[in-house]
Amino acid sequence: MAAGPAARGLLLLGAVLLLGAVLGAARAVVYFQEQFLDGGGWRQRWVSSESRPDLGTFHLSAGKFYGDPVRDRGLQTRENSKFYAISSRFKPFSNKGKTLVIQYTVKHEQKIDCGGGYIKIFSSDLDQKNLSGASPYYIMFGPDICGSETKKVHVILNYKNKLHPIKKPIRCKVDGYTHLYTLIIRPDQTYEVKIDNEVAALGNLEDDLDFLPPKKINDPAVKKPSDWDDRAHIADPNDIKPEHWDEPEYIMDTSDEKPEDWDHTVHGEWRYPMVKNPLYKGEWKPRQIDNPNYRGVWPHPQIDNPHYSPDFNIYSYENIGAIGLDIWQVSSGTIFDNFLITDDEDYAEDFGDETWGETKDPEKEMNIRQAEEEQQRKRVAEEEHFDQWFKKKQEGEKRISNR
Ligand SMILES: *[C@@H]1O[C@H](CO)[C@@H](O)[C@H](O)[C@H]1NC(C)=O
């Protein structure tokens, strides 16, 4: 039987989608991609900083549990309480007029208590051997955890040599599994942060990062009218201080007596000690009532800010040329992998699905299996311990009854 019109339509749609996918893939420019799939090859591509002698070192590892022993290998921090600094170069580019996508995976399998999991993007001027917290950067992005207070995703952009952190709080993942972090910056000055390929935050750079002075300000020529009452509460004029309110806070304790051996040549003249007065009531304050003349907060008229001028190139950087890790970790074990810098959001999403997306479930399964095996081991050990105790007890009883 020949395919009906609906089926033919689907076929056609399929062909169009396929073509779109091919064209889309062809359009993607990948500036940097690093999956650490070639064993020790990364040592040629990544440069460890020598900015201080006591920096922590990275090694390649998939960690204690993983979805795939090879594909999940990434850069792992391996020493506790260390600064880490390492970076890699790529052919410099400008993101002017183009979308910029920065993406990577990070796994805190040590259940990190305090440490950075973020990356930095640098100009090609970066002195890799001297990479440190003082090295100027363009973009800082990714999770940061410290204690119960800090559990956030940083988005910090450099604008005219000043760093502007995002004002919106974005919570990071805190479990021990691999997570995918994506930052998208578009030429229309919108941005998007995705975690595990799901939107965690989006907005406009100008609104959410304080690059420019505000568009509107209070009109300095207009003053609040003098009769505008903006006090929500006032003292009740009918409330009067009760009689006998005022009492001293401290009084002499006349029940005390001068000690027998008091020597006034040594201790000075003896005085009654001062004690808190039980009748003291503190300062009297009239009760507060709602202000009948309250008119609310005065709405200060706004005018255009003369110091504001729009900038449609906040998002753009020249000579983007290096990516790096510059972090501090209290407990090590974090694994960084699947770095990607591209101009194509769809390519990045697919790359995320094909890397993190494919190994995340087996990774979780292995972790759960290991936990179960560990419990099983403990159970067996406990049972053995009990058996031995029971045997000893029985033998002891036998000896007693044999006496
Ligand atoms: C290393 O970087 C720091 C901070 O950016 C800078 O002050 C210092 O001069 C640099 N050292 C060298 C040898 O370039």
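When you go through Glu354, Glu383 one by one, which is the residue that is at pLDDT below 95, more than 30 Å from Lys223 (Cβ to Cβ) and either buried (at least 16 other Cβ atoms within 10 Å of the Cβ) or not small (Gly, Ala, Ser) (or both)? Just one listed residue meets the conditions, Glu383. Of the residues making up the stretch 83-110, just one is over 27 Å from the mean Cα position of the chain (by Cα), within 22 Å of Ser49 (Cα to Cα) and of a type in the set (D, E, K, R), namely Lys91. Scanning the stretch 236-254 for residues that are surrounded by 12 or more Cβ atoms within 10 Å (Cβ to Cβ), touching a residue at least 24 places away in the same chain (Cβ under 8 Å) and not in a loop (DSSP other than H, G, I, E, B) turns up just one, Ile251.
Anything in the stretch 150-163 that is within 16 Å of the ligand (Cβ to nearest atom) and within 18 Å of the chain's Cα centre (by Cα)? List them, or say none. The answer is Leu163, and nothing else.
One residue stands out among those in the stretch 135-149 that are surrounded by 13 or more Cβ atoms within 10 Å (Cβ to Cβ), more than 16 Å from the ligand (Cβ to nearest atom) and over 13 Å from Leu183 (Cα atoms): the one that is farthest from the chain's Cα centre (by Cα), which is Cys146. Among the residues of the stretch 76-90, the ones that are surrounded by fewer than 22 Cβ atoms within 10 Å (Cβ to Cβ) and touching a strand residue (DSSP E or B) at 6+ places or on another chain (Cβ under 6 Å) come to 6 in all.
Are any residues in the stretch 330-344 more than 23 Å from the chain's Cα centre (by Cα) and not in a strand (DSSP E or B), and if so, which ones?
Passing the criteria: Asp343, Asp344.
Going by the conditions given, is Asp387 more than 26 Å from the chain's Cα centre (by Cα), among the acidic types (Asp, Glu) and assigned to a helix (DSSP H, G or I)? Here the answer is yes, as Asp387 does meet what is asked.
Against the criterion of being touching a helix residue (DSSP H, G or I) at 6+ places or on another chain (Cβ under 9 Å), touching a residue at least 24 places away in the same chain (Cβ under 8 Å) and not acidic (Asp, Glu), Ile314 qualifies.
Could you say whether any residue in the stretch 202-224 is part of a loop (DSSP other than H, G, I, E, B), basic (Lys, Arg) and over 39 Å from the mean Cα position of the chain (by Cα)?
Yes: the stretch 202-224 contains one or more residues that are part of a loop (DSSP other than H, G, I, E, B), basic (Lys, Arg) and over 39 Å from the mean Cα position of the chain (by Cα).
So for the stretch 165-173 (the condition being closer than 30 Å to Pro310 by Cα, surrounded by 20 or more Cβ atoms within 10 Å (Cβ to Cβ) and away from the ligand (no atom under 16 Å from the Cβ)), does at least one residue qualify? Scanning the stretch 165-173, I find at least one residue that is closer than 30 Å to Pro310 by Cα, surrounded by 20 or more Cβ atoms within 10 Å (Cβ to Cβ) and away from the ligand (no atom under 16 Å from the Cβ), so the answer is yes. Of the residues making up the stretch 115-134, those that are surrounded by 22 or more Cβ atoms within 10 Å (Cβ to Cβ), away from the ligand (no atom under 11 Å from the Cβ) and more than 19 Å from Arg171 (Cα to Cα) are Ile121, Phe122. Of the strands (runs of 3 or more DSSP E) contained entirely in the stretch 114-200, those carrying at least 3 residues that are out of contact with any Asp or Glu (no Cβ under 9 Å at 6 or more places or on another chain) and of a type outside the set (Val, Ile, Thr) fall at 139-146. The set of residues in the stretch 259-281 that are touching a Phe, Trp or Tyr at 6+ places or on another chain (Cβ under 9 Å) and under 30 Å from His233 (Cβ atoms) comprises Tyr280, Lys281.
The values are calculated or read from the model by the stated rules, or taken from the named source; none is laboratory data. Just so it is clear, the model here is predicted, and its values are computed rather than measured. So basically every Cβ, Gly included, is an ideal-geometry build from the backbone, and we count neighbours across all protein chains shown.
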